[in-house]
Structure formats: C-alpha cells, structure tokens
Amino acid sequence: MSALLSLHGFCVSYGPVEALHSVDLEVHEGEIVTVIGPNGAGKTTLLSAAMGLLPSRGDLHFGGERLARPSVEAMVARGVGLVPEKRELFAEMSVEDNLLLGGFARWRRGQRDQRERMREVFAVFPRLQERRAQLAATLSGGERQMLAIGRALMARPRLLMLDEPSLGLAPLIVREVLQTVARLRGMGVAVLLVEQNARAALQIADRAYVLEMGAVALSGGARELAGDPRIIETYLGLGGARAA
Ligand code: ATP
C-alpha cells in the first residue's frame, strides 16, 4: 500500500527552538492514524506544519508527489482538510450555510455537487440534518464538532486532519464523535487524528504514533499499542484516564 501522506525527517522550529525533531510518519489511503501524546508534545505543530501553515524542514510527500515547500493552497488543492482545535464555525449562520461554505471552493471551481455532498454529510451525521436550520452558535459541543468535521467533508478531502475533536466534550459525547470519525473510512477518507484521549483514539484507529517532546517515541498498530505496557502505564492507566 503506498502512502497518501508521508513525512520523513520532518522538523519544525519556533524561532531558535525546535518543536518537532525529525518525525517520520505515514498515512495510507482510507486509513485512520492517530497521534497521541501529552500536552506540549508537538501534536498541533505537526498538523499545522503538514497543512503548510508553519514552515518545516525535511520531506513531505502527498499522493507520491514531493512538496518542497508545502503551502495551505497546495495542500487544499491536493485534497487535504484540517479541522483545527478551535473549530472556527460561523456562529451566526445555520448548519446548512456552514456546510455550503465548506463546499464553496469546489463550487468556485465549477463543481456544482454541493447538495449531493450535503446528503453524504447528513448520512454520516444525521443529527446535523435534524438541525440544518439551527444557528451554529446554539449547537451543543458535540454537534459543533460534528459540524466542523461535516464542513471539512464538503470539500471532499482525501485526507482529513483532526486536531483534538474530543476536547471539552463529555465522555459519552467523545465516544459518539469518535465513532462518527470511524465511519469516514466508509467514505474513503483517510484521517490523521490528533488526540489526548488516547483510549478513545486507539479504539478507532488502525495505526498510532506516540509523540513525546517533539519526537516519535513509539508507533505501531493501534490494537498492539493499546496492549503495550508502556502505553497502558502512561496513557491508559489511572494517570491516562485522568489526563483524558
Ligand atoms: P496540546 O495537547 O497542549 O495542544 P501539543 O502536543 O499540540 O499540545 P503544540 O501545541 O504543538 O503541542 O506545542 C509543541 C511545543 O511548541 C510546545 O513546547 C509549545 O510551547 C511550543 N509552541 C507551540 N506554538 C508555539 C508558538 N507559536 N511559538 C512558540 N512556541 C510554540
């Protein structure tokens, strides 16, 4: 299986301080890959740099093509979407209008399939269909997260990068949101999921990377890592549960 996104020797610095040290990471077509790790490990930095929002060094390949200087425009054009931690919805607009804006770049390119895309999004998130006329500002935390993911799906990404979709949500809602992320496999969308909630993330992912202090400390199959004593002790035991 060839990699959709591949990072090799990927480094990111904030001024003189290196925040990511030579990270190697791959996401294959249709795969859910999670990056777990403690606060400040560099998870958000990794997504931002892979999206071209921050300058990086090292190799970034997408769809087999090397991008010497990844920019947001280049990544969006190749089918990469990012749902940032701060969801950034249009609060005073309806669910439906938020979704339509997510499909605007396609519309501008002459691809007039927004209604069909919206039906696909509603199939994944039936709750959004029920609330299609409601203002985004009045949605619950979980519904807002679903809308942020739904809006990104309107652009028909090949790879969706999600930054802590469980942040600030009650445990039951975390499970619901992450179960919907698992359903994206059926849409043929690959997912790079950054999560502090290691337990929930490892349940839905195919593979996982553990990022600690800006470097990959461990990687492997999600099920295998969920059974690794080091992961259990640090991320899934009582300490892990508290962090989650
Ligand atoms: P969290 O789970 O708390 O969001 P994280 O794993 O996403 O953490 P990052 O936000 O990527 O971690 O931060 C990685 C490191 O880079 C931290 O030491 C952080 O202080 C530093 N950092 C992040 N953003 C900046 C910035 N704009 N300027 C300087 N340093 C930064």
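The values are calculated or read from the model by the stated rules, or taken from the named source; none is laboratory data. Everything quoted here is computed from the prediction, not taken from an experiment. Reconstructed Cβ throughout: ideal geometry from the backbone, glycine too, with neighbour counts over all protein chains shown. Accessible surface areas use protein heavy atoms only, side chains included; no ligands, DNA or RNA. Shrake-Rupley method; radii C 1.70, N 1.55, O 1.52, S 1.80 Å.
In the chain, if the dipole is taken from +1 on Lys/Arg beta carbons and -1 on Asp/Glu beta carbons about the Cα centre, which of THR234, LEU99, SER22 is farthest to the positive end? Most positive-ward Cα: LEU99.
Each listed q (0.16 Å⁻¹) maps to a log10 I(q)/I(0) for the range 139-212, found by the Debye formula over equal Cα scatterers with no solvent: -0.53.
Per the Cα gyration tensor, the range 127-169 maps to an equivalent ellipsoid with semi-axes of 19, 15, 7 Å, ordered largest to smallest.
Relative contact order for the range 121-175: what is it in percent, counting Cα pairs under 8 Å that are at least 6 residues apart?
Averaging sequence separation for qualifying contacts and normalising by length gives 35 percent for the range 121-175.
Modelled label positions at GLN129 and VAL72, each set 7 Å beyond Cα in the direction of Cβ, lie 3.3 nm from each other.
Calculated mean residue ellipticity at 222 nm for the chain: -9500 deg cm²/dmol, from DSSP H runs with n ≥ 4 weighted as -39500 (n - 2.57), summed, divided by the residue count and rounded to 500. At the residue level, SER13 shows approximately 40 square angstrom of accessible surface with a 1.4 angstrom probe and all protein chains present. Of all the options GLN111, GLN196, GLN179, the one that moves most in a Gaussian network model of the chain with Cα springs shorter than 10 angstrom is GLN111. All distinct Cα pairs of the range 1-79 go into the 1/r average, and the inverse of that average, the Kirkwood radius, is 12.9 Å. Couplings 3J(HN,Hα) of the range 198-208, computed from phi: 5, 4, 5, 5, 5, 5, 9, 7, 7, 9, 9 Hz, in residue order, whole Hz [Karplus 6.51 cos²θ - 1.76 cosθ + 1.60, θ = phi - 60°; x for Gly and Pro].
Taking the Cα centre of the chain as reference, the dipole from Cβ charges on Lys and Arg (+1) and Asp and Glu (-1) amounts to some 680 debye.
Under a model in which nothing but the beta-carbon of Lys, Arg (+1) and Asp, Glu (-1) is charged, the range 71-121 shows a dipole of about 260 debye around its Cα centre. Give me log10 I(q)/I(0) at q = 0.18, 0.25 Å⁻¹ for the range 88-156, Debye formula, one equal scatterer per alpha-carbon, no solvent. These q points yield log10 I(q)/I(0) values of -0.56, -1.05. Largest first, the extents of the alpha carbon coordinates of the chain on the three principal axes equal 46, 42, 36 Å. Once C-alpha pairs closer than 8 Å and six or more residues apart are averaged by separation and normalised to the residue number of the range 88-156, the relative contact order reads 54 percent. Measuring from centroid to centroid over Cα atoms, what is the spacing of the range 38-57 and the range 166-244 in Å? Here the answer is 18 Å between Cα centres.
Let me have the relative contact order for the chain, percent, based on Cα pairs under 8 Å that are six or more residues apart.
Details: 476 pairs, mean separation 62.8, N = 244.
Result for the chain is 26 percent.
Calculated FRET efficiency, LEU172 to PHE90, Cβ-Cβ distance, R0 = 22 Å: about 0.20 to the nearest 0.05. Here the dipole of the range 88-156 is about 320 debye; that uses its Cα centre as origin and unit charges on the Cβ of Lys and Arg (positive) and Asp and Glu (negative).
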